[in-house]
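This report concerns only the one structure given below.
Just so it is clear, none of the values below were taken in a lab; they were calculated from the coordinates. Just so it is clear, the structure is predicted and the values come from calculations on it, not from any experiment. Positions of Cβ are generated from backbone atoms using ideal geometry, with glycine treated the same way; all protein chains shown enter the neighbour counts.
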Amino acid sequence: MFEGSKGCFLLLGIALAMLGGCSQSTTHGTIEGTVLLDGVALAEGDVRFVPVDESSQTASASITEGKFTAKVPVGLMRVECSAPKVVGRQKMYNTADSPEVDVVGELLPERYNVRSELTYEVRPGTQQYTIELTNQ
């Protein structure tokens with residue numbers, strides 16, 4: 001009888017785990033997105049979703065070869081994108097034999113990051129979102 005009970009508990013545990021995995025959050029959405037700059041996939045960067053009404057947390061994701069996936073609270077979000085750009089080189093130390101390192105700046109105009117006016121309404125479930133940016 002103990003063996004059978006153990007088996008029932010195991011099956012019950014597996015069933016609950018499967019149900020838990022199938023449940024859909026009503027407080028968050030999953031955004032599978034693409035970021036394009038002048039029609040070309042952005043090589044690398046970050047995307048942030050900042051709540052317009054400041055009632056939930058900010059969410060962010062890395063952009064790799066134009067793609068990102070982010071779990072974001074439901075609601076209207078301000079969308080900020082940033083991408084690194086090498087703007088020069090400088091010595092790491094103030095010595096003659098110091099190695100040089102890249103100086104990195106922002107590739108995207110401020111209107112897409114610190115002054116972004118882009119918004120997106122996040123809904124529960126999985127959604128697709130293409131962010132089209134221009135350098136002009």
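Ranked from highest to lowest mean number of other Cβ atoms within 10 Å per residue, what is the order of the peptides 50-56, 87-93?
With the highest mean Cβ count within 10 Å placed first, the list reads 50-56, 87-93.
Enumerate the aspartates and glutamates that residue 91 could reach by cross-link, defined here as Cα to Cα under 19 Å, with residues fewer than 8 away along the same chain left out.
100, 102
Would you please give the residues with an amide H less than 5 Å from that of residue 60, counting only those at least 5 places away or on a separate chain, with H modeled from the backbone geometry?
49
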